[in-house]
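K.L.:
A single structure is presented below for examination.
The values are calculated or read from the model by the stated rules, or taken from the named source; none is laboratory data. Remember, predicted model here, so these are calculated numbers, not experimental data. Because the Cβ atoms are built from the backbone with ideal geometry, glycine has one as well, and the counts that use them run over all protein chains shown.
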Amino acid sequence: MGNKECSPWPNLLEMIPMRRLPSSLKDGAVYVIKPKLKSRPGGWFLRRLHKPNEIKVKLDPMGTAAWKRCDGSNTVQDIANSLRKEFGQDIEPAEERLAALLEIMESNGLISYKRGEVDILSREELGTLPMEEEN
């Protein structure tokens, strides 16, 4: 009795999301820069056609605010609390909406998670990337 069993699954609210792709900030919105093709032949083909090998994904205001906080130092709960302060009742239920957003971001390779100092869910070892400001 008194022994608390540890779950094999981490609590999402305690996890720390980290950006995995570069981004830029333009007119108050974040644009995440995602490669179109990751293979060498695909990149070569696009260069031959003088086409960019990237897609810029524009995030909505909530996505922008969340992305800025996915810097490897804030837990999901910290981010939800910040969004609640920034957006008020418009964001409620904050944890559920943020969880859905982060699930989409993670499944598309935009973020990974760590718990404490250990990177626990990354697919690649890219770490947190800084955000560039565009004019």
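K.L.:
Show the residue pairs meeting these rules: Cβ distance below 7 Å; 6+ apart or different chains; first residue within region 97-123 and over 16 Å from E14 (Cα atoms); second residue modelled with pLDDT under 85 and of a type in the set (D, E, K, R).
P.N.:
Once the first residue is over 16 Å from E14 (Cα atoms) and sits in region 97-123, its partners that are modelled with pLDDT under 85 and of a type in the set (D, E, K, R) give G109/R123.
K.L.:
What number goes with the only condition from (1) modelled with pLDDT of 75 or more; (2) surrounded by 13 or more Cβ atoms within 10 Å (Cβ to Cβ) that D27 does not pass?
P.N.:
(2)
K.L.:
Determine whether region 34-44 contains at least one residue that is at pLDDT below 95, touching a helix residue (DSSP H, G or I) at 6+ places or on another chain (Cβ under 9 Å), assigned to a loop (DSSP other than H, G, I, E, B) and of a type in the set (A, V, I, L, M, F, W, C).
P.N.:
Looking through region 34-44, at least one residue is at pLDDT below 95, touching a helix residue (DSSP H, G or I) at 6+ places or on another chain (Cβ under 9 Å), assigned to a loop (DSSP other than H, G, I, E, B) and of a type in the set (A, V, I, L, M, F, W, C).
K.L.:
Now a separate question. Looking only at region 82-96, which residues are part of a helix (DSSP H, G or I) and out of contact with any helix residue (DSSP H, G or I) (no Cβ under 8 Å at 6 or more places or on another chain)?
P.N.:
As a first pass, look at region 82-96 and keep what is part of a helix (DSSP H, G or I): 82-91, 94-96.
Answer for region 82-96, where residues must be part of a helix (DSSP H, G or I) and out of contact with any helix residue (DSSP H, G or I) (no Cβ under 8 Å at 6 or more places or on another chain): K85, G88, Q89, D90, E96.
K.L.:
Answer yes if at least one residue in region 81-95 is of a type outside the set (A, V, I, L, M), surrounded by 15 or more Cβ atoms within 10 Å (Cβ to Cβ) and modelled with pLDDT under 90, and no otherwise.
P.N.:
The answer is no, given that none of the residues of region 81-95 is of a type outside the set (A, V, I, L, M), surrounded by 15 or more Cβ atoms within 10 Å (Cβ to Cβ) and modelled with pLDDT under 90.
K.L.:
Which of the following residues is part of a loop (DSSP other than H, G, I, E, B) and touching a Lys or Arg at 6+ places or on another chain (Cβ under 9 Å): K51, K56? Talk me through it step by step, then tell me what you get.
P.N.:
Numbers: K56 fails: part of a loop (DSSP other than H, G, I, E, B).
After applying the criteria, what remains is K51.
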